[in-house]
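J.: Handing you a structure now.
The values are calculated or read from the model by the stated rules, or taken from the named source; none is laboratory data. Bear in mind the structure is a predicted one, so any value in this text is a computation, not a measurement. Methodologically, a virtual Cβ is constructed for each residue, glycine included, from the backbone with ideal geometry; neighbour enumeration extends over all protein chains shown. Calculation scope for accessible area: heavy atoms of the full protein, side chains included, ligands and nucleic acids excluded. Shrake-Rupley method; radii C 1.70, N 1.55, O 1.52, S 1.80 Å.
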Amino acid sequence: MTDYKKLIPSFGCKNGQAIIRDYGQEYFSNDILTLASYYSDNGADQLLISDLSETDEEHERTIGIIKEAARAIDTPIITGGRTKRLEDVKKYLYAGAGAVYLDVSVPENVDLMKEASDRFGSEKIFAYLPSASYLDSVEEYTQLGVSKIIAADEKLSQSDLTKIGSMNQEFLVFCDDDVVGTITSYLKFPSVKGVILTAPGEKEGNCMWLKQELKARGVGVETFEAAYSWEELKTNSDGLVPVVAQDYKTREVLMVAYMNREAYEKTLSTGRMTYYSRSRQSLWLKGETSGHFQYVKSLKLDCDNDTILALVSQVGAACHTGARSCFFKTIAEKEHKSSNPLKVFEDVYQVIQDRKENPKEGSYTNYLFDKGLDKILKKLGEECTEIVIASKNPNPEEIKYEISDFLYHMMVLMAQKGISWEDITEELMNR
């Protein structure tokens, strides 16, 4: 696997607001999820969210925001800032963060490093150096189990960078200078695995744009590299290739459009679906007018090299009518059962969730919700025991039946605790 350098936009979170710091000035944003989604969709490799809360109540609110952000975006989140014990590290990770940093200026955090890395894995624990004066102790932090060092001094001197460059540890270095040349100079050091952008401008916040600039300067960054050139694709009589756009999570077909060479190359360089409009005879950046952009997750070519399948993250509606998908007119349909396991789980879960929000008289699900958590847990325990008993019997049908009962009661518990199937699958993927 190629060792790409990472671009990591960052902001603080306090009182439910995002705080972006630029040369001592602070800028605020009330819409943290939109900000996080913008960075994620536009090529950020990771996102650093610092918990700046001052009270336990505010701390819990910030954890809730991190959880929402982790659900909304695919980009791994690094967080930290208010860790006093192992439980705080666990809360960040359980909220969906991929890694937690520990500020080494707090002695208790240094003591916590080994315990945290042993419990959760060294790859999930980073050391945060608030100033260059802590560089002399880097080896100690590494021996305690952290996998990366965050050098947070925003004005690193050349001697500091030289010292970092001579070390074997992996560093993420803060950079509040949005000049591409400065970022390039940081990333040229082999030990610097990424830069944390503290105040990315409109262009720099679009990490796909910044990556193209860095790539031109010889920095190894992750971009969309086409395995097939335009010449290898088979175009129609108009020199175009049809593109089927599909939601990358649900696999719902959203729309069909066309690309010419320029649209193909623009899509690869920007990470945003760009088509060729046959009616306007011009390039068409999907969402340029409506804001309903399509962000590329993957592009696949069919066996004849004449059709592209694009898996995309769709913002808003794909259809100009306002519908999510352009394919909403049914010509003919036969009743059928879906065999997609995740869709079946999702459908059952949605029924359970609907019962919770809209109680129905005589519903067993509502009976469980009415009785409360203890009743749900009692039933879950009983069903678990039934699985064990059924497993001792020769008939596999019994096991199938009991597992189904268990999964239903487990989904009732999930709905009770506000946990979705997406939360579960995300956690499994992280493992």
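J.: Looking at segment 207-223, I want the residues that are closer than 10 Å to D45 by Cα and have a partner that is open to solvent by 80 Å² or more (accessible area, probe 1.4 Å) and not in a loop (DSSP other than H, G, I, E, B) with Cβ atoms under 7 Å, at least 6 apart or on another chain. Which pairs are those?
T.: Sorted first by the residue in segment 207-223, then by its partner, the pairs are V221/K215.
J.: What pairs come out if I take residues in segment 31-60 that are touching a residue at least 40 places away in the same chain (Cβ under 8 Å) and crowded, with 22+ Cβ neighbours inside 10 Å and pair them with residues that are in a helix (DSSP H, G or I) and among the basic types (K, R) whose C-beta lies under 9 Å away, six or more apart or interchain?
T.: Hits for this filter: G43/K211.
Yes/no per residue for (1) on the phi < 0 side of the Ramachandran plot; (2) out of contact with any strand residue (DSSP E or B) (no Cβ under 8 Å at 6 or more places or on another chain); (3) polar (S, T, N, Q):
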residue	(1), (2), (3)
T274	yes, no, yes
C303	yes, yes, no
V312	yes, no, no
H320	yes, yes, no
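J.: I've got another one for you. Considering only segment 386-393, I want to know if a residue exists there that is small (G, A, S), under 30 Å from A99 (Cα atoms), surrounded by 15 or more Cβ atoms within 10 Å (Cβ to Cβ) and out of contact with any His (no Cβ under 8 Å at 6 or more places or on another chain).
T.: no
J.: Being surrounded by 14 or more Cβ atoms within 10 Å (Cβ to Cβ) and in a strand (DSSP E or B) narrows it down to one residue among T83, T79; which is it?
T.: Sole residue among the options that is surrounded by 14 or more Cβ atoms within 10 Å (Cβ to Cβ) and in a strand (DSSP E or B): T79.
J.: Further question on the same structure: Those residues that are among the aliphatic types (A, V, I, L, M), closer than 16 Å to Y248 by Cα and in contact (Cβ under 8 Å) with a residue 60 or more places away in the chain, I need them from segment 314-359; list them, please.
T.: Selection gives V315, A318, L342.
J.: Would you mind listing the helices (runs of 4 or more DSSP H) fully within segment 104-193 where at least 3 residues are touching an Asp or Glu at 6+ places or on another chain (Cβ under 9 Å)? I'd like the intermediate steps shown before the answer.
T.: Working: elements: 107-120, 138-143, 158-165, 180-187.
Qualifying helices (runs of 4 or more DSSP H): 107-120, 180-187.
J.: What tally of residues in segment 236-266 results from selecting those that are over 16 Å from S282 (Cβ atoms), open to solvent by 70 Å² or more (accessible area, probe 1.4 Å) and modelled with pLDDT of 95 or more?
T.: Looking only at that region, the number is 2.
J.: Please give the number of the condition N206 fails out of (1) in contact with a strand residue (DSSP E or B) (Cβ under 9 Å, 6 or more places away or on another chain); (2) buried (at least 16 other Cβ atoms within 10 Å of the Cβ).
T.: Evaluating N206 over (1) in contact with a strand residue (DSSP E or B) (Cβ under 9 Å, 6 or more places away or on another chain); (2) buried (at least 16 other Cβ atoms within 10 Å of the Cβ) leaves (1) as the failure.
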